[in-house]
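Engineer: Let me give you the structure first, and then I'll get to my questions.
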Amino acid sequence: MPRVGYVYDPVYLEHDYPGHPERPDRLRAIMSHLKRSGLLAKMTEVAPRDASVDDLALVHDPILIERIASLEPGIRPVWLDADTYVSARSYTAALRSAGGVLAAVDAVMEGTVVDSAFCFVRPPGHHATQTQAMGFCLFNNVAVAAAHLLERRGLERVAIVDFDVHHGNGTQDIFYSDGRVLYFSTHQFPHYPGTGRVEEAGEGAGTGRIINVPLPAGAGDGEALRAYQDVCAPALRRFAPQFILVSAGFDAHFADPLAHLLFSTGGYYAIGALLKELADDLCQGRMVYAQEGGYDLDAISWSAGACVRTLLGEVFSEDPLGSGPAVRGPDIESVISTARAIHGLNSQD
């Protein structure tokens, strides 16, 4: 049986502002579903740690770290932008969130207890840039983990796959010129934060290492699978990562209130199954998921559970939300062919 770890800590619930869509109930729903379904009992708990300032400084400017650390919100939070707040326990939760992903990648690297893991952490991270917290994110959990693997664990190639409905501008920005990281993203476009065009492909040593497949509103499972089968899979096979990190946002689900893609739980299972196959083939199954977005409680809990099932090697379990609207998806042939041409994947047929 596959050895799958998980990271969770109640302190993640203490980053809170009533009425905000990125709310503690998101993790409560996931953990409740995993317990009810019996999935959690098949996983091994990996104890999180607090990220240190040195950990965060692998990808973040010390000025940003000090600014967030020095904030002392009272009853009311401090707002960093229109979407992103710091409450009394946010810094503590953010350190444990980034540190939780670090603990997971270290456990997978050591390989004595778990081979892969899912980190049920918050606040999320993929919008946080080197110098700016934004988009609900304080520190970039996945980027910190990738830099840790490269700088401290001796790896030379790390892949980050991001299927959140919002483009991970922070992750892209941090690694845009770093050829050691391949960043692949599907996301709704145009949509917040406005980045992630197919032409954004890296620069310098990172040229060709940034791969964006922007999807129009109305794209569903079929369009998503085209992107992962025809662009992501051949790109990862050519890159041959030694570790795969996944920014796992479930807000592309058709039930999510903040966007307009039409993925289903079954679609997430299919993406997860492909990523598991790639990890098994390319990097001894070494893969860690980190929770990002997703704001419908049923959709996020069942979708996270579906991805856990892929790690455990279990078959898909139908969810009460079903397969979504029976509508014809948009034509994405142009974006798929453009992405394959930009990244020289046409020879990979």
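Engineer: Send over the semi-axes of the chain's equivalent ellipsoid, whole angstrom and largest first, taken as the square roots of 5 times the C-alpha gyration tensor eigenvalues.
Structural biologist: Semi-axes (√(5λ), whole Å): 27, 23, 21.
Engineer: What does the charge count near residue 126 come to, summing +1 for each Lys or Arg and -1 for each Asp or Glu among other residues with Cβ under 9 Å from its Cβ?
Structural biologist: Taking every Cβ under 9 Å from that of residue 126, the sum is -3.
Engineer: Also: Of 129, 39, 283, which is farthest on the positive side of the dipole of the chain, counting Cα position, with +1 on Lys and Arg Cβ, -1 on Asp and Glu Cβ, and the Cα centre as origin?
Structural biologist: 39
Engineer: Shape of segment 1-97 from its Cα gyration tensor (a ≥ b ≥ c, root eigenvalues): rounded if a/c is under 1.5, otherwise prolate when a/b > b/c, or oblate?
Structural biologist: Oblate, since a/c reaches 1.5 and b/c is not below a/b.
Engineer: By average Cβ neighbour count within 10 Å, what is the ranking of 72-79, 102-109 from highest down?
Structural biologist: 102-109, 72-79
Engineer: To continue, here is another question. Can you give the charge dipole size of segment 149-200 about its Cα centre, rounded to the nearest 20 debye, using +1 on the beta carbon of Lys and Arg and -1 on the beta carbon of Asp and Glu?
Structural biologist: Its charge dipole is roughly 180 debye.
Engineer: Taking the Cα centre of segment 217-288 as origin, work out the dipole magnitude from +1 charges on Lys and Arg Cβ and -1 charges on Asp and Glu Cβ, in debye rounded to 20.
Structural biologist: 260 debye
Engineer: Okay, moving on. Under 11 Å from the Cβ of residue 288, count the other residues' Cβ atoms, weight Lys and Arg +1, Asp and Glu -1, and hand me the total.
Structural biologist: -1
Engineer: About its Cα centre, what dipole magnitude does segment 4-59 give when the only charges are +1 on Lys and Arg Cβ and -1 on Asp and Glu Cβ, stated in debye to the nearest 20?
Structural biologist: About 480 debye.
Engineer: May I pose another question? Below 8 Å between Cα atoms, with a sequence gap of 6+, how large is the relative contact order for segment 4-348 in percent?
Structural biologist: Computed over segment 4-348, the figure is 18 percent.
Engineer: Just to be sure I understand the model, the point goes 7 Å from the Cα along the line to the Cβ. What's the resulting residue 36 to residue 1 distance in nm?
Structural biologist: 2.2 nm
Engineer: Can you classify segment 70-206 as rounded, prolate or oblate using the Cα gyration tensor, where a ≥ b ≥ c are the square roots of its eigenvalues, rounded means a/c under 1.5, and otherwise it's prolate if a/b beats b/c and oblate if not?
Structural biologist: It comes out oblate by the Cα gyration axes.
Engineer: With a 10 Å Cβ neighbour count serving as the proxy for reagent exposure, in which order, fewest first, do 43, 1, 134 appear?
Structural biologist: 1, 134, 43
Engineer: Also: Would you please give the residues with an amide H less than 5 Å from that of residue 45, counting only those at least 5 places away or on a separate chain, with H modeled from the backbone geometry?
Structural biologist: 6
Engineer: Next up: Under a crude label model (7 Å from the Cα following the beta-carbon direction), how far is residue 281 from residue 341 in nanometres?
Structural biologist: In this crude label model, residue 281 to residue 341 measures out at 2.6 nm.
Engineer: Which three extents, in angstrom, do the Cα atoms of segment 227-349 have along their principal axes, listed largest first?
Structural biologist: So the three principal-axis extents are 40, 34, 23 Å.
Bear in mind these aren't lab numbers, they're just calculated from the coordinates by the rules spelled out. Since this is a predicted model, take the numbers as computed values, not measurements. All Cβ positions, glycine included, derive from the backbone under ideal geometry; neighbour counts span all protein chains shown.
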